[in-house]
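**Student:** Before anything else, here's the structure in question.
Every number in this text was worked out from the coordinates using simple rules, so none of it is lab data. Because the structure is a prediction, the values reported are computed rather than measured. In this analysis, Cβ positions are derived from the backbone assuming ideal geometry, glycine residues included, and neighbour counts consider all displayed protein chains.
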Amino acid sequence: MPPQPLPSLRTPPIAFAHRGGRAHGPDNALDTFALALEMGATGLETDVWLSQDGHPMLDHDGIAWHRGVRRAFSSLQRERIGDDIPTLADMYKACGTDFELSVDLKDPAAADAVISAARAAGAEDRLWLCHGDWDLLVDLRGRTSAHIVDSTRVRRMKEGPERRAAAMAVDGIDAVNLPAKDWTGGLAALFHRFERLCFGWDVQHTRLATALRDMGLDGLYGDHVDRLLAGLESSKTPGGSAPAGDICETQPA
């Protein structure tokens with residue numbers, strides 16, 4: 001008998017549209033976020049930087065051209081950054097709050113502003129704050145009811161995955177987010193034993209989404225909302241079927 005799919009802690013897994021689903025529109029744009037939700041994404045992912053005047057700005061690089069010079073968002077007020085870069089409040093106003101929101105804290109200084117915006121929108125309990133610095137994650141745990149996510153790689157777990165999972169349970173870190181290629185069913189089962197959720201990023205193909213779902217992952221991040229959903233909804237059997245032609249070049253994270 002072929003191996004059976006492993007259980008997840010969250011069913012169905014969250015389908016996070018990476019940067020709003022960048023295969024379908026500009027990165028981190030309000031129209032792209034809205035389209036991803038219309039397509040059926042149950043989560044959105046975005047990157048956040050803090051402007052000089054305290055606005056959490058949704059952008060991957062956090063750099064704007066100002067008077068012919070590249071400037072960090074932290075050195076510019078919101079109006080100088082430009083209307084094409086939305087704030088987190090803009091996202092909630094345009095898209096509502098009926099989705100999970102994963103925020104990559106590119107600028108850790110933006111954490112308080114992100115929490116405040118989510119709290120003001122009544123969406124703090126559906127916010128997932130992601131970073132790779134353990135001390136920052138533990139500090140955030142004491143300041144918010146949002147979910148805290150350890151974004152890392154297996155090779156960075158110098159103490160080993162089991163000790164990392166145990167430390168997450170002790171310190172209240174809710175989920176671990178690893179590249180898709182790092183995951184195995186056994187690794188997911190290990191984190192689940194400590195009741196920690198398992199997320200995978202760079203999931204660009206339908207077959208990969210199905211495979212990770214069958215390993216028991218609780219959330220997947222990908223640029224292609226249609227492929228994510230097709231993989232999660234395919235017949236739940238090992239190596240579940242996927243439409244022909246769903247393989248293309250993987251876009252960089």
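**Student:** From the residues A72, V103, L9, which one has its Cα farthest along the dipole of segment 1-104 in the positive direction, the dipole being from +1 and -1 charges on Cβ of Lys/Arg and Asp/Glu about the Cα centre?
**Tutor:** Final value for the positive-end residue is A72.
**Student:** Give the relative contact order (percent, whole number) for segment 9-143; include only Cα pairs under 8 Å separated by 6+ residues. Spell out each step's value before the answer.
**Tutor:** Details: 230 pairs, mean separation 31.0, N = 135.
After rounding, I find 23 percent.
**Student:** So how tilted is helix 161-171 from the main axis of the chain? Cα-based, degrees 0 to 90, rounded to 10.
**Tutor:** That works out to roughly 50 degrees.
**Student:** Starting from the 7 Å offset along Cα-to-Cβ, what nm value, one decimal, do you get for the label separation of W134 and A72?
**Tutor:** With each label point 7 Å from Cα toward Cβ, the separation is 2.6 nm.
**Student:** Output the 0 to 90 degree angle, nearest 10, between the alpha-carbon long axis of helix 111-120 and the longest principal axis computed from the alpha carbons of the chain.
**Tutor:** 90
**Student:** Could I get the Rg over Rh figure for segment 1-151? Both from C-alpha atoms, Rh via Kirkwood, rounded to two places.
**Tutor:** Rounded to two decimals, Rg over Rh is 1.01.
**Student:** Separate question: Can you say what percent of the DSSP beta bridges in the chain, counting only those with both residues inside, are antiparallel? Round to 5.
**Tutor:** Taking every DSSP beta bridge with both residues in the chain, the antiparallel ones total about 20 percent.
**Student:** Another question, if that's okay. If exposed GluC sites (Glu not before Pro) are those in a DSSP loop with at most 13 other Cβ within 10 Å, what is the longest stretch of the chain that has none? Walk me through the numbers on the way to the answer.
**Tutor:** On the way: sites that count: E159, E195, E249.
Formally, the longest exposed-site-free interval is 1-158.
**Student:** Turning to a different aspect of this structure: Work out from phi, with θ = phi - 60° and the Karplus expression 6.51 cos²θ - 1.76 cosθ + 1.60, the ³J(HN,Hα) of each residue of segment 219-225, listed in order in whole Hz, and give x for Gly and Pro.
**Tutor:** Rounded to whole hertz, the list is x, 10, 10, x, 6, 9, 4.
**Student:** A further question on this structure: Give the value in nm², to one decimal: projected area of the alpha carbon convex hull of the chain, averaged over all directions.
**Tutor:** 14.0
**Student:** A further question follows. If I take every Cα pair under 8 Å that is 6 or more residues apart in segment 157-209, average their sequence separation and divide by the length, what percent do I get for the relative contact order?
**Tutor:** 40
**Student:** Here's something else I'd like to know. Nothing charged except the Cβ atoms of Lys and Arg (+1) and of Asp and Glu (-1): what's the magnitude of the dipole of the chain about its Cα centre? Round to the nearest 20 debye.
**Tutor:** So the magnitude is around 580 debye.
**Student:** Let me ask you something else. May I ask you to derive the relative contact order of the chain, considering only C-alpha pairs under 8 Å and at least 6 residues apart, and to give it as an integer percent? Working shown, then result.
**Tutor:** Working: 538 pairs, mean separation 55.4, N = 253.
Once divided by the residue count of the chain, the mean separation gives 22 percent.
**Student:** Please report the base-10 log of the normalised intensity I(q)/I(0) for segment 1-71, using a Debye sum with one equal scatterer per alpha carbon and no solvent, at each q in 0.11, 0.15, 0.23 (1/Å).
**Tutor:** -0.42, -0.65, -0.99
**Student:** Give the angle, between 0 and 90 degrees and rounded to the nearest 10, that separates the Cα long axis of helix 206-215 from the longest principal axis of the Cα atoms of the chain.
**Tutor:** It is inclined by approximately 70 degrees.
**Student:** Counting every Cα pair in segment 93-171, what percent are over 18 Å apart?
**Tutor:** Across segment 93-171, Cα pairs with separations above 18 Å total 42 percent.
**Student:** Hey, in the GNM for the chain with a 10 angstrom Cα cutoff, which one of L37, L136, L105 fluctuates hardest?
**Tutor:** So, out of L37, L136, L105, the one fluctuating most is L136.
**Student:** What is the antiparallel percent of DSSP beta bridges lying wholly in segment 92-174, to the nearest 5?
**Tutor:** 0
**Student:** I need the P(r) histogram for segment 112-212: all alpha carbon pairs, bin width 10 Å from 0 out to the longest distance, whole percents.
**Tutor:** Answer for segment 112-212: a P(r) of 15, 45, 30, 10 percent.
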